[in-house]
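Written below as structure tokens is the structure these notes are about.
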Amino acid sequence: MPSPGAPEIDDCDVLVIGGGPAGSTAAMLLARQGRRVVMVEKAHHPRFHIGESLLPANVALFDRLGLRSEVEKIGMPKWGIEFVSPDHAHQSYLEFGDAWDKTMPYAWQVRRSELDELMFRHARLAGAETVEGCRIHGVDFDPDGASVSGRCSDGRERRWRARFVIDASGRDTLLASQMRAKQKMPEHNSAALFGHFTGVQRLPGKKEGNISIFWFRHGWFWLIPLADGVTSVGAVCWPHYLKTRDKPLQDFFADTIALCPQLQQRLAQARLVDDAVHATGNYSYRSTLCTGDRFLLVGDAYTFVDPVFSSGVYLAMQGAFEATDVVAARLDRPAEAAQARRRYEATMRKGPREFCWFIFRVTNPTIRNLFMYPSNPWRVKEAVLSLLAGDIFGKTPIWASLRMFQAIYYGNQLLHLPRTLKAWRQRRANIRDVGTVPGENVPEAR
């Protein structure tokens with residue numbers, strides 16, 4: 001029996017930690033199966049979150065959730081990508097409609113505060129119990145389930161007894177941190193500065209909602225137009241560059257933008273919203289585990305990589321769909337649980353692995369040239385666009401063409417060996433660990 005004054009213990013089948021896209025997707029699906037689901041979010045919706053760009057593969061997932069029309073209402077259509085290089089006099093435009101599968105031509109740019117709240121409320125409508133303003137601070141496992149403890153923003157303690165736990169805590173990485181399984185990814189060592197602007201010059205016509213990627217000396221910028229006229233602008237750069245900051249963050253961000261004349265021109269009439277600039281330091285990591293007998297990690301709770309190709313929300317939602325099979329096997333068919341876990345772990349590794357090959361090389365001059373002069377021998381352009389659209393878990397036969405693209409890349413590296421060696425040495429210097437970035441903060445967890 002609990003001691004006098006101890007919080008009451010509530011029972012559930014599944015406790016989901018985190019109320020972002022991963023947690024809300026999992027909670028929605030499990031509640032629709034008739035399970036007793038509790039989803040606990042540390043903040044109160046709506047809350048700020050970066051990561052506003054979705055992939056065409058997200059569209060099918062919103063269809064399966066029955067949310068496509070509602071996301072359409074809050075989203076800015078995104079038909080493709082613009083690449084802008086300081087070494088080229090032209091811009092390169094790629095459209096998802098030219099991918100291998102022509103049925104995935106667009107996605108959306110969304111305010112994450114709106115999207116995350118929309119999904120959170122629909123998880124409640126599906127039957128999940130949703131708790132806001134409660135930070136989980138302890139999960140203790142035993143053969144029959146888990147005891148979970150949290151503290152609410154009003155100071156109250158909450159406790160649950162769950163048969164299974166899904167960690168969708170985002171960059172809080174609750175279970176990975178608790179189990180000492182979180183590892184930095186030094187090959188993706190980077191940091192970010194970002195803010196929201198009004199009055200940004202956008203692309204004309206259909207291209208207005210496209211994401212724009214600008215390379216510059218210290219990394220790359222994103223420019224993401226949102227439906228309400230605000231534009232998200234951020235710089236992903238090497239931590240040693242942020243380490244040089246000797247002025248207020250807003251001024252340093254302005255100086256960083258000035259290093260990219262093409263972007264500075266787009267921002268000539270722009271105004272920073274609320275004078276708010278954010279910084280976050282080395283944010284690429286992975287967990288050495290993603291499942292256990294009574295738990296699994298999904299989305300950013302498992303891994304986070306450089307966001308250049310906007311894969312975060314898609315991989316989080318796709319992982320949540322896969323997670324429901326693991327939960328069903330463990331709770332209903334225990335003999336199948338081990339096999340379900342192996343399938344889930346393979347899926348969780350596949351997505352980041354395929355994106356990371358490109359992410360690791362995105363600032364390399366060879367890959368930059370290939371994106372600035374896209375061509376389609378052996379259907380390589382279609383295959384790369386399919387990857388960038390998120391079409392990597394289905395039956396689209398892109399893999400031979402993707403490997404051919406990689407062969408073309410390595411061939412170009414050999415043809416320009418002095419440039420390749422120079423770029424390799426520069427990257428080694430760029431990704432060196434410099435410790436904590438001044439002024440860094442961590443965005444709210446999903």
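Listed values, structure above:
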read-out: Exposure proxy order (Cβ contacts within 10 Å, fewest to most) of 357, 79, 222; value: 357, 79, 222
read-out: Antiparallel DSSP beta bridges within segment 7-106, percent to nearest 5; value: 55
read-out: Whether segment 38-117 is rounded, prolate or oblate, judged on the alpha carbon gyration tensor where a/c under 1.5 counts as rounded; value: oblate
read-out: Normalised contact order of segment 258-408, rounded percent, pairs of Cα under 8 Å and 6 or more residues apart; value: 16
read-out: Gaussian network model of the chain, Cα within-10 Å springs - most flexible of 336, 132, 114; value: 336
read-out: Magnitude of the charge dipole, the chain, Cβ model with Lys/Arg +1 and Asp/Glu -1, debye to 20; value: 1240
read-out: Rounded, prolate or oblate (a/c below 1.5 giving rounded, otherwise prolate when a/b exceeds b/c) for segment 142-209 by Cα gyration tensor; value: prolate
read-out: Centre separation in Å (Cα based) which lies between segment 104-183 and segment 258-287; value: 29
read-out: Candidate lysines - alpha carbon under 29 Å from residue 182, same-chain residues fewer than 8 apart omitted; value: 42, 243, 350
read-out: Reachable lysines, given that their alpha-carbon falls under 21 Å from the alpha-carbon of residue 102 and they are not under 8 places away in the same chain; value: 78, 206, 207, 381, 395
read-out: Stretchable slack from residue 276 to residue 159, in nm (0.36 nm times residue separation minus alpha-carbon distance); value: 38.5 nm
read-out: Sum of -39500 (n - 2.57) over DSSP H runs of 4+, divided by residues of the chain (222 nm, nearest 500); value: -11000 deg cm²/dmol
read-out: Sequence of 317, 404 once ranked by neighbouring C-beta atoms within 10 Å, starting from the fewest; value: 404, 317
read-out: Efficiency of FRET from Cβ geometry, residue 10 and residue 403, R₀ 56 Å, rounded to 0.05; value: 0.65
read-out: Which of 388, 193, 331, 297 has the fewest Cβ neighbours within 10 Å, and the rest in rising order; value: 331, 388, 193, 297
read-out: Antiparallel DSSP beta bridges within the chain, as percent of all bridges there, nearest 5; value: 70
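Bear in mind that the values in this text are calculations on the coordinates, not laboratory data. If you're wondering where the values come from, they're calculated on a predicted model, not measured in any experiment. Backbone-built Cβ (ideal geometry, glycine too); neighbour counts: all protein chains shown.
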